[in-house]
Amino acid sequence: MTEGNRREPAWRERKTNAGSGKGSRHAGNNHSGKSHSKGSHSSHNDGWNSGNRRGENRNGNARYDRRGGHSSNRGEERNDRRGGYRNNRSYGRGNRRDDNERRSTREYDVKEAYKSRYPKEPYIPDRVSESDLDSETWRALSGLPVDNARLVAKHLVMAGSLIDIDPDAAVAHTRSAVARATRIGAVREAAAIAEYTAGNYADTLKEIRAARRLSGHEDLRAIEADCERGLGHPDKAIEIINETDFTKLDEAAQVELKIVESGARADMGEAELALLLVEQIADEYPDMDEELQARVDSVRADRLEELGRNDEADSLRSEIPVAPEPVSIIDVEEVADADTPYTASDLQGSSKPLIDAFDTIMLDLDGVCYLGEDPAPHAAEVLEQVNSAVFMTNNAIRTPAEVVQKLAGFGINTSAEYVMTSAIDGAGLLGKRLPPGAKVLVIGENGLVEAVTAAGFEIVQRADEHPAAVVQGLGRNITYEMLEQGAYAVAAGAMFVGTNMDPSVPTGDGPAPGNGSLLKVIETATGQEPFVTGKPHATIYKMAADLRPDTERPLAVGDRLDTDVAGARAAGYRSMHVLTGAQGFADVALAERENRPSFIARDLRGLLVTHPGPVKNPTGVWTAGDSYGFSIGERGEVLREKQAITEPLRITENDYRALIAAIWEAKDEGRWTQIPQVEFVDEHSEDDLDYSLDQPREAPEVIHSSSAVLETEETTPDTETLFD
């Protein structure tokens, strides 16, 4: 497979526009490096280099970027060779976590496990499946015996999962894969990336050259040249660069090679030439993306510094935009302290407050910012501290200006340019399918009418005016005649668009029919299903992110798992679920994997704090920060510090994280769980551990509880549900 004249390695994957990490080879020009497991993080768009994590070296604070990447921590000691290809983690970066799959592949322990002719192979947990390997690499293994192909695939999945946590363990798995599949080019490419990540430069060169012999491709030339530099052979790095056919590489890969060349010249004492080479990059590639340009500028500043031109170097560095630090997926210190094989959870952690870890907060409205006609707890006070926010809603009734007015009534200030509605999303779909000025029959209220008009279409009200499309959004003024005319137009061939598929909307009296219910009228009458926009589709999230042009790392916040969280995951964004709206603790506990949030909190105050990642301890209990240890018993009972919970449970937010991780693990293993009723407290009292024992005591007020409590003969809990 090629992109221009360049073949993409088999282990790499392009993200779709929906951000799912599967299938599509292109997403505009945004390239995403790929690991051997399905799915991938959103990453930097530099061809085969996936996202350069710029994380801290596990041996201290030295950086891995070798002056190849700009950093927000300029003063730290760096593990560099004064310019050159930044430490490429593309093999493992996308595998670090996937928002749709592969939770269980992270449990590891390098030990002898197989009683076969490969007795020293690293251990693979039973739950790791060859189905976690991407389809392209799996096809490359098709020439192997089936049992052997499956083991190779599992080794590659394990390596991709471990490369960010333990590069040496990842190397052990790729070496086992190579032993079983020596002549598979994709396997040798994977081994090269793992060896390079672990700093094994000689072994990297061996694997790259083997992969080239098998495949004939030159995708890893920059890594190859950089390894020669790492081995003290800058002259050989220059030879590799000079013999490379640049026409077979994309622009980003060409730039990486030129950065390596500059570093090699600096290694050889040719400082003036090293600077000239970097300065020429900007002239040769004027359309570089912002992050790649920042990398080039950072290397140029290093070259200036080497020539003693410190003032110029400092001035240039001051103009380089600071790259956001990556969000911690787990708390590494907690994993180390646990002294146990790391078991991943779909629930993530951040060592920074989320408003610092993400550059734009994307907020749902009802249930998050307000509750119908009432303010949401702490919303106004928290949002005052958010520098960059956009507001999203599936409600197509209000215009952005009307949304701004309603938010202002709750003390939340924004402007219409930062409001995204499903009506705008629906009009955007029309703009992609219809010519300018086309006739559109609108069924809905002001928000939809304004959006369609602003998109440049002529609004009509009757089918005999021959509209090119019918677009329907929720409206309290929808009449039978409107639906009748819409059905006539759709039956005559008009495009049918619905702004969202929400089956119901909450009211003080109960659920009322939502737009999804009303769309069924025309669908049933005509047999035509609508094209649907809004949440949980990715497009509305992408459009919302574009409202803030500098957005690179957005966080979506919502109260519904099936729309707010699922939509964020479809777009490839992180999400935080809050308990102030439609879905509470039990819904989070029972969530299917595709609807699980990255972070959880009681309310919007969760944006202002760190989120300790859940860790499974040697005793089998899950903890998060200073939480108690939670696990699930053999009969589905929740255990806190090995004590069964028989009464409503008082928990802190860290307890909440640990408890959810334990329940999700049990659910994924096919074990049912008795979901407890919970009450949130800010901190534990001295007798909290005694709370669930047999002595009688008055039950506390329940804030969030579950309607999905499973009963056993031994335990018959109170199944009363108190809604949010």
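The values are calculated or read from the model by the stated rules, or taken from the named source; none is laboratory data. This is a predicted model, so every value here is computed, not measured. Methodologically, a virtual Cβ is constructed for each residue, glycine included, from the backbone with ideal geometry; neighbour enumeration extends over all protein chains shown. Each accessible area value is taken on the protein alone, full model and side chains, heavy atoms only, with ligands, DNA and RNA left out. Shrake-Rupley method; radii C 1.70, N 1.55, O 1.52, S 1.80 Å.
Taking amide H as placed 1.01 Å from N in the peptide plane, VAL390 has its amide H under 5 Å from the amide H of ILE361, MET362, LEU363, each at least 5 places away in sequence or on another chain. Using the Cβ of LEU205 as centre and a radius below 11 Å, the other residues enclosed give a net charge of -2, where K and R count +1 and D and E count -1.
Which of rounded, prolate or oblate describes the stretch 110-262 when judged by the alpha-carbon gyration tensor and an a/c cut-off of 1.5? Prolate. Between the stretch 253-300 and the stretch 342-382, what's the alpha-carbon centroid distance in Å? Their Cα centres are 40 Å away from one another. Extending 7 Å from the Cα toward the beta-carbon at both PHE531 and LYS432 defines two label points whose distance is 0.8 nm. Our note on the geometry: Cα centres of the stretch 516-564 and the stretch 597-614, 24 Å apart.
Between the stretch 482-512 and the stretch 423-469, what's the alpha-carbon centroid distance in Å? Each part's Cα centre sits 15 Å from the other's. Residue ranges 183-190, 287-294 sort as 183-190, 287-294 when ordered by packing (mean number of other C-beta atoms within 10 Å per residue, highest first).
At a Förster distance of 35 Å, what's the computed FRET efficiency of SER504 paired with GLU641, Cβ-Cβ distance as r, to 0.05? Rounded to the nearest 0.05, the efficiency is 0.30. Modelled spin labels at GLU284 and GLU592, positioned 7 Å past Cα toward Cβ, are 5.0 nm from each other. Packing around the peptides 572-582, 639-649, 308-318, taken as the average count of other Cβ atoms within 10 Å per residue, puts them in this order, highest first: 572-582, 639-649, 308-318. Packing here is the average count of other Cβ atoms within 10 Å per residue, and on that basis the peptides 201-213, 268-280, highest first, run 201-213, 268-280. The dipole here belongs to the stretch 111-247: it is taken about the Cα centre, uses +1 on the Cβ of Lys and Arg and -1 on the Cβ of Asp and Glu, and is about 700 debye.
Quick one: net charge of GLU284's neighbours, Cβ under 12 Å, K/R +1, D/E -1?
Working: positive: LYS258; negative: GLU251, GLU279, ASP283, ASP287.
That works out to -3.
Of the beta bridges DSSP finds with both residues in the stretch 354-466, what % are antiparallel, to the nearest 5? Walk me through the intermediate numbers first.
Working: 2 of 13 bridges.
Just about 15 percent of them are antiparallel.
Each label point was placed 7 Å from the Cα along the Cα-to-Cβ direction; for ILE459 and ASN387 their separation is 3.9 nm. A simple count of charges around PHE410, restricted to other residues whose Cβ falls under 13 Å of its Cβ and scoring Lys, Arg +1 and Asp, Glu -1, yields -4. Only protein heavy atoms count here; on that basis, with a 1.4 Å probe, TYR488 has an accessible area of about 120 Å².
Between ALA202 and GLU239, the contour length at 0.36 nm per residue exceeds the alpha carbon distance by 11.6 nm.
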